1. Once you've got the Cα coordinates, tell me which of LYS191/LYS238; LYS10/LYS254; LYS133/LYS157; LYS55/LYS149; LYS133/LYS153; LYS10/LYS153 are over 28 Å apart.
2. Which value, in Å², gives the accessible area per residue of the chain when a 1.4 Å probe is used on the protein heavy atoms?
3. Rounded to the nearest 10 Å², what accessible area does TYR169 have for a 1.4 Å probe in the complete protein model?
4. Considering only PRO120, PRO65, PRO207, give the residue with the highest GNM mean-square fluctuation for the chain, with springs between Cα atoms whenever their separation is below 10 Å.
5. Given the whole protein assembly as supplied and a 1.4 Å probe, what does the accessible area of SER126 come to in Å², nearest 10?
6. Tell me which of PHE119, PRO144, ILE130 sits at the most positive position along the dipole axis of segment 45-160, charges placed on C-beta atoms (Lys, Arg +1; Asp, Glu -1).
7. Hey, what do the phi angles of segment 102-111 turn into as Karplus ³J(HN,Hα) couplings, whole Hz, using 6.51/-1.76/1.60 and θ = phi - 60°, x for Gly and Pro?
8. To test your reading of the geometry: what angle, between 0 and 90 degrees and rounded to tens, separates the Cα axis of helix 121-130 from the longest principal axis of the chain?
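The values are calculated or read from the model by the stated rules, or taken from the named source; none is laboratory data. Predicted model, so just to flag it, every value in this text is computed and none were measured. Here the Cβ is made from the backbone with ideal geometry for all residues, glycine too, and neighbour counts use every protein chain on show. These accessible areas exclude ligands, DNA and RNA; they are computed on the full protein's heavy atoms, side chains included. Shrake-Rupley method; radii C 1.70, N 1.55, O 1.52, S 1.80 Å.
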Amino acid sequence: MEEAIKAMEKCDGKVKVGAVLVVDGEVVAVGSKMGGTHAERSAIEAARERGLNLKRAALYTTLEPCVDINTGQRRQCCADLIVSEGIPEVIIGRYDPNPNVYRKGWKRLRDGGVRLRDFPMDLRNSIDAINDKFMDFFSSGIGPSGGAKIDHKEPAKFRIQFSADDNRYMEIGWTLCGINAAYGSAVDPVKVALARFASNFDEVDDPTAYEFGHSARIAVGEVGVFVGPEACVLVKPKEIQSGPDYGAENHFVKFDYVVRIIKPRSHSLK
């Protein structure tokens, strides 16, 4: 596991992944994600060049192996490659936070007969520290405006920092609703409302002027308003997929947001 994390640190892109193949207790191949080649594939190809039989191998990877997410994808995804190579065991560092992948790689391996285990918490924390920008992309953002994509099959939270110069933040929530809609959810002191009939942020004059509660149904193209003691966050879903029960493959809310300050930051805050 530690060797896989060391391999991860050598990566040159935003998403850093390291993988290690072990046979009979010996490290036989190491891979790092470089360019368009994923770490698992790199390690497997290195083992192939040595003519190694991987049917007794264990693969340690810092990120859940990928699945095919594009129609007509030509290169075999890593999860299918692992199964086709007959690798019997995979140890996963972190599940991919991308809603199009999260736990699907695990399921693909499980369905292929692979034994699956997880890295311990302390090493998962090490992975998160190295991959912080990638991991945070699906759980937090920075205002005053931006966009996000978050898995909402289970209730999901998204943290929005007011701006790069203002480290105050608000947590907003999304939960499953149905076709082209999701519930915006809030926990005290934050509340949420639908800006009924508004379709653009600039149509919301005073974002505190609505009837607020702890949940509001917000459809694609509508504007929702989360209000807290210091700021309001306006959200507008661009695309929502609510899973097979609602005719979609994935579970996610893709939305834009803007932050409007209610209470200016105190000069004593840093």
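1. Values: LYS191/LYS238 21 Å; LYS10/LYS254 31 Å; LYS133/LYS157 17 Å; LYS55/LYS149 38 Å; LYS133/LYS153 23 Å; LYS10/LYS153 34 Å.
Check vs 28 Å cut-off fails for LYS10/LYS254; LYS55/LYS149; LYS10/LYS153.
2. On the way: 13870 Å² over 270 residues.
Per-residue value: 51 Å².
3. 110
4. Residue with maximal mean-square fluctuation among PRO120, PRO65, PRO207: PRO120.
5. Looks like 50 Å² after rounding.
6. Of PHE119, PRO144, ILE130, it is PHE119.
7. 2, 6, 6, x, 4, 5, 4, 5, 4, 5
8. Long axis of 121-130 versus the principal axis of the chain: about 70 degrees.
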